[in-house]
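Written below as structure tokens is the structure these notes are about.
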Amino acid sequence: MDFSGTNADDPKGLNMREGIRRNWALPEGAQFTQSAWSNAKNDGIRRLQNRRYPTASLTESRADIDTDTQQAQLTVTYEPGPAYYFGPLVIEGAQRYNPSGLIRLARLPVGDEYRQTTLLDTQQRLANSGYYDSVFLTLATEVAQPGDTEVHAL
């Protein structure tokens, strides 16, 4: 397993990378199946995307199978990508309500490291407020410089 590209050596992501390695779902000696291989790769990418690196990607995966020895040589490389932090909440389509009141109600922790659970908790607070029939929050990852990245409420 390897990490390459942007933030591959990010000191703030060291524990996460070590955790992905330590908790790899297909350790040496385990029986190889396509399903177990897919699950192991996907678990690693989910861990990166759930915290700090929402645009992380899998850049290489290879399973070389030797049928004579019944051994598999596995290679997987992740690119964490940029680190994101919550920026301001931008309320879209709030013509009937004061957006500043909704922003206070949402309690998005501006400046904190991106965590998917935090985004979902904020979305749930807005959904439970009674102001929306439905609401969806998205992190504006298309910005050129990540950092304090806007969150859009639709």
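Computed values, structure above
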read-out	value
Along each principal axis, Cα extent of the chain, largest first, Å	69, 30, 22
The range 42-140: GluC sites (Glu not before Pro) in DSSP loop, at most 14 other beta carbons within 10 Å	92
Residue 10/residue 96 FRET efficiency (R0 41 Å; Cβ-Cβ; nearest 0.05)	0.45
C-alpha long axis of helix 34-50 to longest principal axis of the chain, angle in °	40 degrees
Relative contact order (%) - criterion: Cα under 8 Å, at least six apart; region: the chain	23 percent
Nearest-ten-degree value, helix 116-128 long axis tilted from longest Cα axis of the chain	30 degrees
Least to most buried among 136, 3 (fewest other Cβ within 10 Å first)	136, 3
Where the Cα pairs of the range 85-153 fall when distances are cut into 5 Å bins, in %	4, 18, 32, 25, 14, 7, 1
Directionally averaged shadow of the range 36-89, computed from the convex hull of its alpha-carbon atoms, nm²	4.1 nm²
For the chain, calculated [θ]222 nm from helices alone, where every DSSP H run of n ≥ 4 adds -39500 (n - 2.57)	-9500 deg cm²/dmol
Rounded to 5, the percent of DSSP beta bridges in the range 38-154 classed as antiparallel	75 percent
Alpha carbon convex hull of the range 2-79, projected area averaged over orientations, nm²	5.0 nm²
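Read-outs: derived from the displayed coordinates by stated rules, not from any lab. For clarity, every value in this text was computed on a predicted model and none was experimentally measured. Virtual Cβ from ideal backbone geometry, glycine too; neighbours counted across all protein chains shown.
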